[in-house]
Structures are given as structure tokens and as C-alpha cells.
Amino acid sequence: MRQQYNFSFEVYDSLNDLPMADQELVQQARQVTANAYAPYSHFNVGAVAKLANGQIVTGTNQENAAYPVGICAERVLLSAAATLFPNIAINTLAISYDNKNGKSNHPVSPCGICRQTLLEYEERVKQPIRLILSGLEGKIFVISKASQLLPLSFRGEDLQG
């Protein structure tokens, strides 16, 4: 039997096409890329989340000399959110990047480790995380829940007897 996995997402041509609240999150994500520590890849990533309690949490990627051992902006943000606001859901998370080696004109998607971490955060707080993906300019993708990025995922229940 053949199975197929599909998901849909929204595509916006520019920042101005988004609702105002989303525009603000994307602008903040673009701005926070300046706080990334990426001296090896020169690929600065910023993430900004609006939590269910109205709080805003940010994160940036953090590299080190044992490159590529670092931590992505998404996981920095999720760690901070879970520490500062335990068990509070994230309504929307905007991710942007500034590629110092080239263009930053299209959305990029979270890496595999971040996808797994986002999925487990959704499961822990029992609410999907809406993602907004962008570069510093160009099209913007809106995905209704992060778990859609990781079909056939490995889950905690797989560890049960």
C-alpha cells in the first residue's frame, strides 16, 4: 500500500501582505539576527515567539570554536521560553536569517534537530506552534503547526514498553 504525506502552507509575497501582528514578529526576528553569534558560518538566525500569555521571547543561533557544535536560534528560544514560562504554549514563532555570505531573500526551514524539538514542545504544551519563515526580504511562508515539518517523527511514546 502506498501512502502519501502532504501539507499546505501560506505564501506571502512580502512583509506588507501579512497581518500587522505577524509583520511585527517578522520584523523583530529580522532585527534580532544582529544578536546571533555566528563567526564561523556567518549565517545569523533570529527567532521571536509570542506566547499564549502575551510574552515575547527571542533567540539567536550561538556557534563556538568546536564548530559545528552550536545551538540553533529555535532551540535557544524554546529553552528560554520553557525556563522563563514553564508549560506556556507558543502561539506563533517567526524565524528569519541574515546570510553574511550571500542573499537572505527567501524563507529557510528549521533543521532536523529543531524540527524534533519544536514537535516535542507542541506535544508538551498540547498546542501547535504556528511558524512564520522569512529571510530579510522576499516571500514569507506561514505553516499552521511545526509538527507538519516532521512527518513520521520519532516520539516519546516510541520509548515506552
(Q) So if each residue of separation counts as 0.36 nm, and I subtract the Cα-Cα distance between L159 and Q62, what length gain in nm does that give? (A) 31.9 nm
Q. If you build a Gaussian network model of the chain, linking Cα atoms that sit under 10 Å apart, which residue out of S134, S79, S96 swings the most?
A. S79
Q. Which of G138, G46, G59 moves most in a GNM of the chain, Cα contacts under 10 Å?
A. G138
Q. Which value, in debye to the nearest 20, gives the size of the charge dipole of segment 108-161 about its Cα centre, when Lys and Arg are +1 and Asp and Glu are -1 at the Cβ?
A. 160 debye
Q) For K145 and A34 in the same chain, what is the full-extension length gain: residue separation times 0.36 nm, less their Cα-Cα distance, in nm? A) 37.3 nm
Q | Selected from Q31, Q55, Q116 as most flexible by GNM, with the chain as the system and alpha-carbon contacts under 10 Å | A | Q55
Q: Please turn the phi angles of segment 107-115 into ³J(HN,Hα) values with the Karplus equation 6.51 cos²θ - 1.76 cosθ + 1.60 (θ = phi - 60°), one per residue in order, whole Hz, x for glycine and proline.
A: x, 10, 9, x, 5, x, 4, 5, 4
Q) If Lys and Arg each add +1 and Asp and Glu each add -1, what is the summed charge of the other residues whose beta carbon sits under 15 Å from the beta carbon of L149? A) 0
Q: Give me the orientation-averaged projected area of the Cα convex hull of segment 40-161, in nm², one decimal.
A: 8.4 nm²
Q) When R2, R30, R130 are ordered from fewest to most other Cβ atoms inside 10 Å of their Cβ, what list results? A) R2, R130, R30
Q: Among V57, V11, rank each residue by its count of other Cβ atoms within 10 Å, from fewest to most, as a rough exposure measure.
A: V11, V57
Q) Classify segment 24-94: rounded, prolate or oblate, from the alpha-carbon gyration tensor (a ≥ b ≥ c, eigenvalue square roots; a/c under 1.5 rounded; otherwise prolate if a/b is larger than b/c)? A) oblate
Q. What number comes out for the charge environment of N87, summing +1 per Lys or Arg and -1 per Asp or Glu over other residues with Cβ under 11 Å away?
A. +2
**Q.** Span from the segment 86-149 Cα centroid across to the segment 7-71 one, whole angstrom
**A.** 8 Å
Q: Rounded, prolate or oblate: pick one for segment 1-50, where a ≥ b ≥ c are the square roots of the eigenvalues of its C-alpha gyration tensor, a/c under 1.5 means rounded, and failing that, prolate if a/b is larger than b/c, else oblate.
A: oblate
Q.
Order these by the 10 Å Cβ neighbour count, fewest first: V108, V142, V45, V69.
A. V69, V108, V142, V45
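Throughout, read-outs are computed from the coordinates displayed, never taken from laboratory work. Bear in mind that the values here come from a model prediction, so they are computed numbers and not experimental data. Positions of Cβ are backbone-derived with ideal geometry, glycine not excepted, and every protein chain shown enters the neighbour counts.
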